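In what follows, a structure is listed as structure tokens, so that the remarks can point back to it.
Please treat every number below as a calculation from the coordinates, not as lab data. The model shown is predicted, which means the values in this text are computed figures rather than measured ones. Neighbour counts are summed over all protein chains in view; Cβ atoms, including those assigned to glycine, are modelled from backbone coordinates with ideal geometry.
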Amino acid sequence: MSSAKGWRQALVLLLGGGLLSVVAGALWWVLRPPPPAVLAPLALPSERQREIDCAAIGQRKVLVILLLGQSNAGNHGQTRAEPVADVFSFYDGRCHVAADPLPGASGDGGSVWMRLAPRLLRPGQIDAVLLAPLAVNSTSIEQWNRHPLLLDGLQRLVGQLRQRGFQVAQVLWQQGEAESFKGTSADAYRQGFAEMLRRLRGLGVDAPVWVAQATRCQKRSNAAVHAAQGELPGLLAGVRAGPDLDRLFDPVYRHDGCHFSASGLEAAAQAWATAIAGPAAGATR
């Protein structure tokens, strides 16, 4: 009898512990912290990023790319890239020799874009690439439609490009990891992206918008948002399919389980280059 009683007590403790775990998990999900209201600071030009006359760049066959998203669209990669010939960046109305960390994006590490840009140079068609980033760590689709830093920052960036005579030829959107922590639904993401796209068009940016499928961070992902990102090109005019970056989730590609390693940066850049290979020839003077 004593052994049976002990077994029953052990079972009660086991079930009770499991119930507590479920309750604790549910409470965490309900009370989980929202994306930060105060956004991460943006990198500023450094001595490695010598200022260049924008007018001189504008005389070339330059491909102007607007880069939008969260940390993996910013400077949160494991390794920095050095300046590359004919690759420039745009920040606060000025042009610079491009180098990581790119001004206008959060983080102090490396970016996918410094690896992508050289892959887009084409003798006789594109002899310069101008990178214009606005990418901030942990930002959700909701924040892209509500947060003053992002709203004002995008309007200012697009306006300054226009003032300097640059026409955006491509928009690359790489965002979605925050939605895995928020539990965003597919409908909410589609509606949020459509709202952001309307604002972008309202600013006069009529370039194609390439959307990456990107939701994975740490042990989290969002299958609904991943699917919604893949559906957007068939739902919205001017939206095209970017790479599926959730596929690059082997530890060799993510140095901390979320952000790209040196190998991940190269692999993501190649995935982007493959996705936009044809239309990337749309350089503007």
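Pairing residues of the stretch 167-189 that are among the hydroxyl-bearing types (Ser, Thr, Tyr) with residues that are in a loop (DSSP other than H, G, I, E, B), at Cβ distances under 8 Å and at least 6 apart in sequence or on separate chains, gives 180/215; 180/216; 180/221; 180/222; 184/140; 184/222; 189/176. Restricting attention to the stretch 201-214 and to residues that are among the aliphatic types (A, V, I, L, M) and touching an Asp or Glu at 6+ places or on another chain (Cβ under 9 Å), the residue that is surrounded by the fewest Cβ atoms within 10 Å (Cβ to Cβ) turns out to be 212.
If I filter the stretch 247-261 down to residues being crowded, with 17+ Cβ neighbours inside 10 Å, more than 14 Å from the chain's Cα centre (by Cα) and in contact (Cβ under 8 Å) with a residue 24 or more places away in the chain, which single residue comes out as nearest to residue 219 (Cα to Cα)? My answer is 255. With respect to the conditions (1) crowded, with 16+ Cβ neighbours inside 10 Å; (2) closer than 21 Å to residue 264 by Cα, residue 108 lacks only one, and its number is (1). Among the residues that make up the stretch 146-162, is at least one of them in contact with a helix residue (DSSP H, G or I) (Cβ under 7 Å, 6 or more places away or on another chain), of a type outside the set (A, V, I, L, M, F, W, C) and either touching a residue at least 24 places away in the same chain (Cβ under 8 Å) or buried (at least 17 other Cβ atoms within 10 Å of the Cβ) (or both)? No, that holds for no residue. Considering only residues in the stretch 70-97 that are assigned to a strand (DSSP E or B) and in contact (Cβ under 8 Å) with a residue 60 or more places away in the chain, the one that is surrounded by the most Cβ atoms within 10 Å (Cβ to Cβ) turns out to be 77. Among residues of the stretch 232-246 being in contact (Cβ under 8 Å) with a residue 12 or more places away in the chain and not in a strand (DSSP E or B), the one that is surrounded by the fewest Cβ atoms within 10 Å (Cβ to Cβ) is 235.
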